[in-house]
Structure formats: structure tokens, C-alpha cells
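Down below is the structure, laid out as C-alpha cells.
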Amino acid sequence: MKTGLRPTSRVVLCAVLVAASIPMVAQAAKLNATLSYESGDYGSDYDYAGPRLDMNINPDGSNWYFDLGYRNRTHDSKQVYTRAEIQAAYRFRFDGGWIQPSAKVRQDVTSYDSGSRLTNDIYSSETKYIFDLSDKWTLWGEAQFGLERQEDKNVSGTVRNSDYLAWEVEPGIRYNLTAKQRLTLSYYNTGKRSDKGETWGLTDHTYNQQARLYYYWDTPIGLVISPYVRYALGYGETSAWYDSAYHDETKTQSKVSRYAIQLAYPLTDYLRIQAEYYIEDVEYKEGFTMGKEDSQVKYLKLGARVSF
């Protein structure tokens with residue numbers, strides 16, 4: 001895998017976008033912008049690396065929050081994945097907590113070396129909430145529901161479209177150990193239901209659930225340490241969108257678990273460096289593999305965040 005953090009035109013472009021945005025919003029809003037470089041090591045030509053930009057803007061004296069995101073991943077196989085998204089949210093505050101509904105538009109594009117392309121346009125609503133039960137206990141969570149339109153264009157120019165209803169739900173409870181330490185336990189459920197029309201033959205529904213545990217510690221030296229674990233609850237499922245001539249199965253079942261740590265350290269009041277590393281394991285159930293093997297990805301993200 002290519003692990004060198006070499007300069008690219010995309011990194012420069014992201015830096016320019018951040019620099020151009022700061023003068024416009026710094027005097028009238030709170031701005032957080034994080035420019036990162038991320039890589040994923042699968043031990044195969046699916047390995048990837050590329051830049052990522054995440055921005056959050058909160059106009060002064062307002063409960064509105066605006067998010068912008070962009071990422072670009074180039075695989076060793078020359079497959080390129082890009083994501084661009086924008087989100088607007090409004091936070092309703094009340095004594096002991098808040099609730100924040102939002103609307104999001106996102107586009108994912110995967111371009112293959114063969115010339116084929118897969119495009120996903122996603123329109124979703126997301127609601128986050130926090131409610132204090134006591135000085136120590138807090139309810140925390142988020143729920144997202146959306147519609148997804150997928151366009152699959154092959155080398156010959158044939159286009160096939162699919163529609164999905166997608167969801168992600170994660171309710172949890174948080175225990176505040178101290179003013180600078182907290183522990184959060186949550187249940188995560190995600191899935192999709194598809195309508196692929198008559199041209200595909202089968203559907204490709206997905207379903208997965210996990211237990212998640214987060215720990216946050218703002219240490220005395222300013223270093224923030226945030227390990228987290230995602231543990232699979234049973235086997236998730238993905239049904240195939242075609243009848244395979246090589247496999248009798250029409251779906252896969254797998255467990256996806258992740259073990260991660262995030263670090264952040266302030267260099268100044270306006271600048272902090274950040275890092276994230278995780279290992280994610282995928283384990284397939286015997287008889288429901290469709291030829292796939294157990295896999296593992298090692299992910300690394302290094303970045304810097306500016307705040308005004």
C-alpha cells in the first residue's frame with residue numbers, strides 16, 4: 001500500500017477552500033475546519049489513501065449549524081471514490097438538553113479504471129439529541145432516515161437505476177465520570193430496503209446492528225483521548241442483486257467489529273492536531289459468503305483543525 005503522505009493537487013484544493021472560507025465567516029460565525037489525510041490498508045489492491053475536508057459553521061447568536069464535507073480516496077486498483085455533502089441543522093435548546101433536526105444532501109461517486117461509474121445521490125433527515133437525567137446520567141442519540149438514488153453505468157454505457165430507503169439509528173446513555181471524563185454506551189441499527197425495478201432480478205437489502213462503547217478523557221495536559229469499540233450483535237445481512245452462476249447463495253451474512261482510538265492535542269487556541277486509528281474486522285458466516293473471505297482493514301487519519 002502507498003502510505004506516504006505526499007502532496008497532491010486535491011490536498012492543495014482542500015487547503016484553498018479552507019483558506020478562502022475563513023475570511024468570509026470568521027467575523028460573523030464560529031468556524032471549525034479540519035483538513036485530514038486518511039488511508040485504509042486491506043492488504044490488497046483495494047488499499048486507498050486521500051484527503052478529507054470537514055467544516056462546521058455556526059453563525060454568531062444563532063442556533064443554526066451548517067456542515068460541509070468532502071473526501072477523495074484513490075485505491076491501488078486505480079478505483080477512485082469521492083464524497084461531497086452539505087447539511088443544515090437547527091438546535092432547539094431547553095433546560096437540561098437540546099434536540100437538533102437537520103437535512104442533508106450527499107453524493108458518492110465511484111469511478112473504475114475500466115470506465116464504469118457508480119453514483120449514489122442521498123437525501124436524508126437526521127435528528128440528534130441530548131437530555132440530562134441527572135448530574136451524572138445523560139440520554140444521547142441520533143436517528144437518520146433517507147432516500148437514495150443509485151445510478152450504475154457500465155463500460156458499454158448501459159445505465160441501471162435503483163432506489164433505496166435507508167436508516168441509521170443509535171440511541172445511547174452517557175455516564176459523566178468527571179467534568180472531563182465520560183462513558184457512552186449505545187445500540188446501533190442500520191439498513192437499506194431497495195427497489196431495483198425489473199431489470200436487476202433480485203433486491204439488495206442490507207441490515208446490521210452493533211453495540212458501541214465510547215470513552216472520552218480530556219487529560220490535564222490538554223491531550224484528548226477517545227477510544228471506542230463497535231461490537232457486532234449477531235450477523236448482519238446483505239442480499240445479492242443478481243443470481244450468481246458460481247454460488248448457490250443469494251445473500252451474505254457477516255459480523256463487522258471495530259476497535260479504535262482518537263487523539264487530539266491543541267497547539268494554540270485556534271489550532272489542534274488530530275489522529276484516528278482503527279482495526280475493523282469482517283467475519284463471514286459459513287454458507288453465506290458468496291465467495292468472499294474474512295477481511296481486516298487498518299485505517300489511519302491524520303489532520304489539523306482550525307477554529308475561529
(request) Confirm whether R52 is in contact (Cβ under 8 Å) with a residue 60 or more places away in the chain, part of a strand (DSSP E or B) and of a type in the set (K, R). (result) yes
(request) May I ask you to verify whether G222 is at positive phi and either within 17 Å of the chain's Cα centre (by Cα) or modelled with pLDDT of 95 or more (or both)? (result) yes
(request) Search region 257-278 for residues being within 13 Å of S307 (Cα to Cα) and of a type in the set (A, V, I, L, M), and hand back the single one that is surrounded by the most Cβ atoms within 10 Å (Cβ to Cβ). (result) I273
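Identify, please: which residue in region 1-49 is among the β-branched types (V, I, T) and not in a helix (DSSP H, G or I) and is, among those, modelled with the lowest pLDDT?
Pass one, region 1-49, residues among the β-branched types (V, I, T): 3, 8, 11-12, 16, 18, 22, 25, 34.
Remaining after also requiring not in a helix (DSSP H, G or I): 3, 8, 34.
Working: T3: 42, T8: 45, T34: 97.
Among residues in region 1-49 that are among the β-branched types (V, I, T) and not in a helix (DSSP H, G or I), the one modelled with the lowest pLDDT is T3.
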(request) Answer with yes or no whether G141 is of a type in the set (G, A, S), assigned to a strand (DSSP E or B), touching a residue at least 12 places away in the same chain (Cβ under 8 Å) and touching a Leu at 6+ places or on another chain (Cβ under 8 Å). (result) no
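Restrict the check to region 243-257 and report whether at least one residue is of a type in the set (A, V, I, L, M, F, W, C), farther than 26 Å from P227 by Cα and at pLDDT below 95.
Yes, the conditions are met somewhere in region 243-257.
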(message) Name the single residue that is modelled with the highest pLDDT among those in region 170-217 being of a type in the set (V, I, T) and part of a loop (DSSP other than H, G, I, E, B).
(response) T203
(request) Could you please tell me which pairs satisfy a Cβ distance under 6 Å, a separation of 6+ or placement on different chains, a first residue in region 273-289 that is over 10 Å from S257 (Cα atoms) and of a type in the set (K, R), and a second residue that is surrounded by 15 or more Cβ atoms within 10 Å (Cβ to Cβ) and at pLDDT 90 or above? (result) K285/Y235
(message) Considering only residues that are loosely packed, with under 15 Cβ neighbours inside 10 Å and part of a strand (DSSP E or B), which ones fall in region 89-100?
(response) Y90, F92, R93, F94, W98, I99
(message) Can you tell me which residue is modelled with the highest pLDDT among those in region 227-236 that are out of contact with any Asp or Glu (no Cβ under 9 Å at 6 or more places or on another chain) and among the small types (G, A, S)?
(response) G234
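The values are calculated or read from the model by the stated rules, or taken from the named source; none is laboratory data. Model, not experiment: these values are computed from the prediction. Here Cβ is always computed from backbone atoms with ideal geometry, including for glycine, and neighbour counts include all displayed protein chains.
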